[in-house]
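The values are calculated or read from the model by the stated rules, or taken from the named source; none is laboratory data. Being a predicted model, the structure only gives us computed values, none of them experimental. Glycine gets a Cβ as well: all are built from the backbone with ideal geometry, and neighbour counts include every protein chain shown.
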């Protein structure tokens, strides 16, 4: 990613008369805006947070360019949020009645897309007994630096790459403490024997990953 775009957004956030460029544009304008800059930046900041969580588990530092980009993303997100708060711009929530008037695929995309990737606490009373690989997690003493760095890169990409369609979607949950522990639900694609099914998988990336 070119950091110049993020630096430009930071500059826009410093000017009150330009703030409306960052928020949702009225739907009367054409072509209709799909996603505002502030929403895109929020999604990017969420990916960056996952990236940082992975790196926190590893002693290996990020490459210089990646570390710089991560810092600029955090700074830009903070600057925009502070400017929006200061100027009292509030994101208008989508009216559910208006959303339900959309085609089914658009309804699904609008409501479900933000849920494709999240971090959660999978433990129950300190145990991961609800995960197939709980024994490997309990016995793990050290963390592979190469593995965590690779996971940091790949998990950060998931929120924008996971499919989101009523007949073909994938949902991923990453444990907050052990980012190498995941749960995945795949909705079977239409036209296949797996159509209309929801299949849950427990995934653990051991130290041989990738």
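From the set of residues in the range 141-161 that are surrounded by fewer than 18 Cβ atoms within 10 Å (Cβ to Cβ) and over 18 Å from residue 208 (Cβ atoms), which is modelled with the highest pLDDT? Among residues in the range 141-161 that are surrounded by fewer than 18 Cβ atoms within 10 Å (Cβ to Cβ) and over 18 Å from residue 208 (Cβ atoms), the one modelled with the highest pLDDT is 161.
Any idea how many residues of the range 16-35 are touching a helix residue (DSSP H, G or I) at 6+ places or on another chain (Cβ under 9 Å) and modelled with pLDDT of 80 or more? Outline the logic, then answer.
As a first pass, look at the range 16-35 and keep what is touching a helix residue (DSSP H, G or I) at 6+ places or on another chain (Cβ under 9 Å): 16, 18-19, 21-24, 35.
Now drop any that are not modelled with pLDDT of 80 or more, which leaves 16, 18-19, 21-23.
The qualifying residues number 6.
Would you be able to say whether some residue in the range 170-182 is modelled with pLDDT under 90, assigned by TED's automatic domain parsing to the domain that holds residue 120, within 18 Å of residue 112 (Cα to Cα) and outside any strand (DSSP E or B)? Within the range 170-182, not a single residue is modelled with pLDDT under 90, assigned by TED's automatic domain parsing to the domain that holds residue 120, within 18 Å of residue 112 (Cα to Cα) and outside any strand (DSSP E or B).
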